[in-house]
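Let me begin by presenting the structure, written as structure tokens, before commenting on it.
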Amino acid sequence: MSRDRTKYWITVYSIIAVSLLTIHYLLDIFIVDKWLGYLPFLQKLTMSLFLISLILLASKIIERIIIAQTETEGDRYNLLRITRLLSIIFTLIVAASFMFQNLYAAAVSFGLISLVLGFALQAPIASFIAWLYIVFRRPYQVGHRIQINNHRGDVIEISYLDTVILECSGDYLGNDRQSGRVIHFPNSLILRDKVINYSGPEVPFIWNETALQVSYTSDLKFVESCLLEAASRDFKNRYPKLHEMKAKRWDTRVYFRVNKFAWIEAVVSYPVEPEDTTGRRNRILQFALPMLNKEPDKVQFPEGTLR
């Protein structure tokens, strides 16, 4: 859909640019004497509009190339944003050159206006500078799951002034599923608060763990083997290609810790995609618990007065 829209605008801007350039040169031929005084103004207007059309046409061509050649969603989004920003800047330069005969006077006026706006719009300017930081430093990109200022969610848009995320967890959920709420926060927030990005060096995974409570009399080696088998089976079913690679850095581990009450916790630690933490935990438990319950002599769960 995005490619079709870009192709449509390339066609539109091409037609407009050719039409304006044609009008610019036809004015010399068909202008009548009484309108002769307006000829320089009309020629300058048509040339300015032609240059603006040319800038917009070039930006759409570049956008089409970016869409076709860039594979990463985050990089594609940032490059498109930069292209659109540059097209706006060049368009404003052409418009200023049309409005002011003297470019030096235009520059001075622009400087004074910028000085006044700088004091009045400190927060938006800080957010714009933070946007540049996000684009070039890349603490997060579109599609990443992040946590900032106690808000966690998936980034869906990074505009010049704010970032939009689809909230995960939140006030009404006890898991990592999307809550359905949208959070907007100013980009300047990243300059004064820490950003946690779930897309770290272990991409596409983060590490998660699930604990089961068992009694001290349980066969811990049997419990460990059941948890490892459940986690391995789920990993194989969901990521068959990665399972064939047998990457050591994604090996599941089981460890035991003493609970402060009256049982031991068997903890299985496993790799998981950030958006699948709840689902993977459920599948591991669904695989492991039937195997554990089949052997009541080897595995005892705290219950009743033993809890």
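The values are calculated or read from the model by the stated rules, or taken from the named source; none is laboratory data. The structure displayed is predicted, hence computed values, not measured ones. Note that we place each Cβ from the backbone using ideal geometry, even for glycine, and neighbour counts take in every protein chain shown.
One table, with the values for the structure above:
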quantity	calculated
Within the range 122-228, strands (runs of 3 or more DSSP E) holding 3 or more residues that are closer than 30 Å to Phe287 by Cα	151-158, 178-186, 206-214
Residues located in the range 200-210, provided they are surrounded by 15 or more Cβ atoms within 10 Å (Cβ to Cβ) and hydrophobic (A, V, I, L, M, F, W, C)	Phe205, Ile206
Residues (surrounded by fewer than 16 Cβ atoms within 10 Å (Cβ to Cβ) and either within 30 Å of Ile125 (Cβ to Cβ) or assigned by TED's automatic domain parsing to the domain that holds Pro271 (or both)) located in the range 169-194	Arg181, Val182, His184, Leu191, Arg192, Asp193, Lys194
Scope the range 172-199; condition modelled with pLDDT of 85 or more and under 19 Å from Val135 (Cβ atoms); matching residues	His184, Phe185, Pro186, Asn187, Ser188, Leu189, Ile190, Leu191, Arg192, Asp193, Val195, Asn197
Considering residues of the range 251-283 that are in contact (Cβ under 8 Å) with a residue 60 or more places away in the chain and in a helix (DSSP H, G or I) only, the residue surrounded by the fewest Cβ atoms within 10 Å (Cβ to Cβ)	Glu275
Some residue of the range 126-143 being buried (at least 16 other Cβ atoms within 10 Å of the Cβ), in contact (Cβ under 8 Å) with a residue 40 or more places away in the chain and touching an Asp or Glu at 6+ places or on another chain (Cβ under 6 Å)	yes
